[in-house]
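K.L.:
To start, I am sharing the structure in question, which I have written as structure tokens.
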Amino acid sequence: MKKFKLPPSLYNWISVIGSTLAIISLSMIVFLFIISLFYEEGGSYLGLFIFIVLPVFLVIGLLLIPVGMIIKGRKDKKRKIKVVQEWPKFDFNDPKTRNATMIFGVGTVFFLMLSAVGSYEAFHYSESVEFCGTICHKVMKPEYVAFQNSSHARVACVACHVGSGADWYVKSKLSGLYQVYAVTMGIYPTPIPTPIKNLRPARETCEECHWPEKFYARQLVMNKHYLADEANTEWDISLQMKTGPAYSALGLQEGIHWHINPDVKVEYVATVSVQQNLPWIRYTNKKTGEVYIFEDEENKLVSEELAKLDIREMDCMDCHNRPSHDYGTPFKFINDAITAGKIPKELPDIKTVSMGILAEEFPATDSAMLFIESELNDYYAANYEDIYSEKYELIEQAIQGVQEEFKLNIFPEMKVTWKAYYNNIGHLEFNGCFRCHDDKHTTTEGRAIPMDCNLCHSIIAQGTPDTLQIGSIYEELDFVHPNDPYDDWKEYRCVECHVDLY
């Protein structure tokens, strides 16, 4: 039996380097895969190396092997070391042919099997929440943290950002190439701007789960607020949200979700990319054929301007524009933290002091943590010595609570705060509903889009716990603004005052 020999052309430095690179890469892939399988260690970067980085080096190494053989063959031919036939001769009685065939055949089968498994794992890994949220840790940290604390926390990122189908998968990966380059070179903007260009329509992603034919009747929403006084006075408000009609049998004939009624078409043009200024709106009733065009009395467009702007059909994302990456305002998350007991309500002035601290801007999260601790300690040491000396655990709890809420909603490194992104649900800190419902969008016949809060919700309870006004689901209360005995709030939009709170 003759000794097994490799082809002579394989003995060259390029092929040797390629073989070494391929063997080392393959060994590391196998080793790290076993580590991840049995020990579950390494996190997202381990997956990055197993399924993306090391396979690239493996392929490069394998490509270097035939490249080196071809180069050596050409050099040998020029030196006339041996006569090389024009076409390969397949004679399985020749040990060299059998050896080469076995090496190529076994190697090819093994590589194809490895490639199939690797490609499958690489596909699923690149589509995972872990990959999207943690690989570019600094850049994607705000989105990842907000996502984990959203109502969509169990929905994969790609379900919304890519959706099903190979065409959008390819588009997402191609657009991702520039993102990789921007992160690598450090040229990405802070904060990341929205809306994301070329995002797939909501009807192809959101409506895979949320579809217009599936609707709900009205819902009860209860909120606790705390006033900026020494006692952190509790102010409760309960709303009947008219997400749908009073009776589900009526379908989408009324309520907030009337805007996506299949029998109705609402279109608009926006003069800024974040769709906050909507000077032109067209309503079409598909059943009756009625068409109304509403124009902003104070911001009318001439026909030349209108012709240059895109007309967009209203869909879910025009209101639900922050479904998974919402950064709460201090007004909201401090109220929620006090309600949840993360920040002690019995600590005097904690609402006022917290809001004052969060009005500051910080260069980094670490400096914010130190500032929160220092300010709360200094305030209570100076103004409430008895609490500072006898109930310091309340101050510690408040420090921890404010710090935790800060880290969930504010990200100085990426310049992300609630101010960075508009949220069109509601109307407190942003215009939201009032972009259209402002009594100023009118037709030539004088029909207006009403600025009537009762279109969307009705108040069924409000006030402090001991002086709570209570209505019913059939009888709505008139809104009472706390600490405003003269009803000055009626002269302004909510955003005009609430935006100045921070």
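The values are calculated or read from the model by the stated rules, or taken from the named source; none is laboratory data. The shown structure was predicted, so the numbers you read here are calculated from the model rather than taken from an experiment. Counting neighbours? That spans all protein chains shown, and the Cβs are built from the backbone with ideal geometry, glycine included.
K.L.:
Quick one: which of Ser164, Ser151, Ser172 is in contact with a His (Cβ under 9 Å, 6 or more places away or on another chain), more than 18 Å from Pro412 (Cα to Cα) and not assigned by TED's automatic domain parsing to the domain that holds Ser273?
P.N.:
Step by step, each of Ser164, Ser151, Ser172 is checked, and only Ser172 is in contact with a His (Cβ under 9 Å, 6 or more places away or on another chain), more than 18 Å from Pro412 (Cα to Cα) and not assigned by TED's automatic domain parsing to the domain that holds Ser273.
K.L.:
How about the stretch 255-280: which of its residues are farther than 20 Å from Asn423 by Cα and among the charged types (D, E, K, R)?
P.N.:
Across the stretch 255-280, the qualifying residues are Asp263, Lys265.
K.L.:
Follow-up question, since we're still on this one. Take the conditions assigned to a helix (DSSP H, G or I), over 30 Å from the mean Cα position of the chain (by Cα) and either over 30 Å from Ala156 (Cα atoms) or small (Gly, Ala, Ser) (or both) and apply them to Ala398. Does it pass?
P.N.:
no
K.L.:
Of the conditions (1) without any contact (Cβ under 8 Å) to a residue 24 or more places away in the chain; (2) over 15 Å from Phe406 (Cα atoms), Ile387 fails just one. Which one is it?
P.N.:
All conditions are met except number (1).
K.L.:
Within the stretch 147-154, identify whether any single residue is more than 28 Å from Thr205 (Cα to Cα), part of a helix (DSSP H, G or I) and either out of contact with any Phe, Trp or Tyr (no Cβ under 8 Å at 6 or more places or on another chain) or at pLDDT below 80 (or both), and answer yes or no.
P.N.:
Looking for residues that are more than 28 Å from Thr205 (Cα to Cα), part of a helix (DSSP H, G or I) and either out of contact with any Phe, Trp or Tyr (no Cβ under 8 Å at 6 or more places or on another chain) or at pLDDT below 80 (or both), one finds none in the stretch 147-154, hence no.
K.L.:
Just to be sure, is Lys440 of a type outside the set (Asp, Glu), in contact with a strand residue (DSSP E or B) (Cβ under 9 Å, 6 or more places away or on another chain) and modelled with pLDDT of 90 or more?
P.N.:
Yes: the conditions hold for Lys440.
K.L.:
Looking at the stretch 205-224, I want the residues that are modelled with pLDDT of 85 or more and have a partner that is of a type in the set (Gly, Ala, Ser) with Cβ atoms under 6 Å, at least 6 apart or on another chain. Which pairs are those?
P.N.:
Met222/Ser238
K.L.:
Specify the residue that is surrounded by the most Cβ atoms within 10 Å (Cβ to Cβ); the eligible residues are those in the stretch 317-358 that are within 14 Å of Asn423 (Cβ to Cβ) and among the hydrophobic types (A, V, I, L, M, F, W, C).
P.N.:
For the stretch 317-358, the residue satisfying everything is Phe333.
K.L.:
Here is a follow-up. Given the conditions (1) polar (S, T, N, Q); (2) over 30 Å from Leu301 (Cα atoms); (3) touching a residue at least 60 places away in the same chain (Cβ under 8 Å), and given that Gln469 satisfies all but one, which numbered condition is not satisfied?
P.N.:
For Gln469, the failing item is (3).
K.L.:
For the structure I just gave you, tell me whether Asn409 is in the same structural domain as Pro279 (by TED's automatic domain parsing), in contact with a helix residue (DSSP H, G or I) (Cβ under 8 Å, 6 or more places away or on another chain) and among the polar types (S, T, N, Q).
P.N.:
No; evaluated as a whole, the condition is false for this residue.
K.L.:
Which ones in the stretch 272-325 are over 23 Å from Asn261 (Cα atoms) and touching an Asp or Glu at 6+ places or on another chain (Cβ under 7 Å)?
P.N.:
Hit for the stretch 272-325 is His325, nothing else.
K.L.:
Return yes when Lys415 is over 30 Å from Glu290 (Cα atoms), basic (Lys, Arg) and either outside the structural domain of Met314 (by TED's automatic domain parsing) or modelled with pLDDT of 90 or more (or both) and no when it is not. Quick ask: steps written out before the conclusion?
P.N.:
Details: over 30 Å from Glu290 (Cα atoms): yes; basic (Lys, Arg): yes; either outside the structural domain of Met314 (by TED's automatic domain parsing) or modelled with pLDDT of 90 or more (or both): yes.
Yes, satisfied.
K.L.:
If we scan the stretch 328-342, do we find a residue that is touching a strand residue (DSSP E or B) at 6+ places or on another chain (Cβ under 7 Å) and either among the β-branched types (Val, Ile, Thr) or under 30 Å from Val264 (Cα atoms) (or both)? So that I can check it myself, show each step before the final result.
P.N.:
Step one: filter the stretch 328-342 for residues touching a strand residue (DSSP E or B) at 6+ places or on another chain (Cβ under 7 Å), giving 335, 338-339.
Subset that is either among the β-branched types (Val, Ile, Thr) or under 30 Å from Val264 (Cα atoms) (or both): 338-339.
Yes.
K.L.:
Assuming Ser458 fulfils every condition listed in (1) touching a Ser or Thr at 6+ places or on another chain (Cβ under 8 Å); (2) closer than 25 Å to Cys316 by Cα; (3) assigned to a strand (DSSP E or B) apart from one, which condition is it?
P.N.:
Among (1) touching a Ser or Thr at 6+ places or on another chain (Cβ under 8 Å); (2) closer than 25 Å to Cys316 by Cα; (3) assigned to a strand (DSSP E or B), the lone unmet condition for Ser458 is (1).
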